[in-house]
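Visitor: One structure coming up, written as structure tokens, with questions to follow.
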Amino acid sequence: MKEKSSDIRYVFLSVFLYFYDIVYYCFMAQKILTGIKPTSDQIHIGNYFGAARPLFDLIAKDSQNQGFFMIANMHTLTTIHDGSLMHQQTINFCRLYIALIRQYGLNEEQICIFNQASIPAHAQLSRILSCVTHMGFMERMHAYKDAVAKGKGKEFGVGTFNYPILMAGDIVLYDADIVPVGQDQKQHLEFCRDIAQRFNDHFGETLKLPDPYIDENVAVVPGIDGRKMSKSYNNFLGLLDDEKTLRKKIKQITTASLPVEAVKNPDECNVYLLSKLFTTAEEDVVFRNRYLAGGMGYGEAKEYLTEKVLAFTGEIQTIYHSLSDEEVKAIVHRGTQKALAIATAKIEEINQKVGFVL
């Protein structure tokens, strides 16, 4: 009798755990999506800590979470009009992202890397969402307002103007729960939520409203000139920069004119703010106290940052150069097939709601 009771408890527990896993995966596990434009085959540390690293951290925190990384080459078409250049930069960009995943300690099976342009649903959903979007929404976008303020509104490309709509579709197509973004992309995510809600108001609950994930420590990563780190400003530290280039760039970081013996405020020093990205909590306390104690010059601080950056980029570059084009393409193809299945199912649901299915 005891054995039968024990068997029943074992079966009950097994069934309970089975359904718990299903419920957890479907309703508690989160989909996290991010993407970067392959405008070059380079990713700078602002891109990494603003968009890539948060995705890695969230996947490492809970293996049930689903990670999606989009190669946003449809967005890149606004600036690159050379097919062979686009092709090679996309491959090299994917190679670098795979290297980042492996350097972190994850593998590409844990994060779905996919090619946006290979999935027709992105363009189709962009068209659908544009039909429920008002011009007033679009004209509030910072990039467009800046262009108008500079008297360049007429030169603003249609593809760039429609960028927020395509981006909104990229996100809701995968029912993303969380989107890691920098502070400068927060408006676009708010726009995504607005347009998704507008669609739902017209056609019923269909599109999930994503939440932004902004790490306040890296909300805006400073460049070597003190402005936001950006390829456009050419003020970035690239993950593929060689040692000579990185040393030269770090020496150029703008600092205050204070003598070596002076007490310095670390929170106002870009050298310190950048170093925080690469140090442990214990290392950060020691380095911060060096600023507050006085006696450390900016040259010494820059050398400390240089060694931290070189150690990090060196690991990435070793993995990067070990990956062949064939291996990179195979990994991206597998990820794209997985994303295609998800996107196709979602666009079919959307088409049904809109009334396209006969």
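Visitor: Look through region 129-161, keep the residues that are polar (S, T, N, Q) and surrounded by fewer than 18 Cβ atoms within 10 Å (Cβ to Cβ), and return whichever of them is farthest from the chain's Cα centre (by Cα). So that I can check it myself, show each step before the final result.
Guide: Keep residues of region 129-161 that are polar (S, T, N, Q), which gives 130, 133, 160.
Filter once more, keeping what is surrounded by fewer than 18 Cβ atoms within 10 Å (Cβ to Cβ): 130, 160.
Numbers: SER130: 24, THR160: 19 Å.
Applying the filter and picking the extreme gives SER130.
Visitor: Right, another one. Hey, can you tell me all the residues within region 279-301 that are more than 27 Å from the chain's Cα centre (by Cα) and either closer than 17 Å to ASP241 by Cα or not in a helix (DSSP H, G or I) (or both)?
Guide: Within region 279-301, GLY294, GLY295, MET296, GLY297 meet the criteria.
Visitor: What helices (runs of 4 or more DSSP H) lie completely within region 82-178 and have 3 or more residues being at pLDDT 90 or above and farther than 21 Å from GLU349 by Cα? Working first, answer last.
Guide: On the way: elements: 83-104, 121-130, 135-139, 142-149, 158-161, 163-172.
Ranges flagged: 83-104.
Visitor: Does LEU96 count as over 27 Å from PHE199 (Cα atoms) and in the same structural domain as ALA60 (by TED's automatic domain parsing)?
Guide: Values: over 27 Å from PHE199 (Cα atoms): yes; in the same structural domain as ALA60 (by TED's automatic domain parsing): yes.
In short, yes.
Visitor: Quick check: anything in region 214-234 closer than 30 Å to CYS131 by Cβ, among the polar types (S, T, N, Q) and either part of a loop (DSSP other than H, G, I, E, B) or at pLDDT below 95 (or both)?
Guide: Taking every residue of region 214-234 in turn, none turns out to be closer than 30 Å to CYS131 by Cβ, among the polar types (S, T, N, Q) and either part of a loop (DSSP other than H, G, I, E, B) or at pLDDT below 95 (or both).
Visitor: Have a look at PHE68, PHE12, PHE56 and point out the one that is out of contact with any His (no Cβ under 6 Å at 6 or more places or on another chain), modelled with pLDDT under 90 and not in a loop (DSSP other than H, G, I, E, B).
Guide: Details: PHE68 fails: modelled with pLDDT under 90; PHE56 fails: modelled with pLDDT under 90.
After ruling out the rest, the residue left standing is PHE12.
The values are calculated or read from the model by the stated rules, or taken from the named source; none is laboratory data. Every value quoted in this text rests on a predicted model; they were computed, and no experiment measured them. Neighbour counts are summed over all protein chains in view; Cβ atoms, including those assigned to glycine, are modelled from backbone coordinates with ideal geometry.
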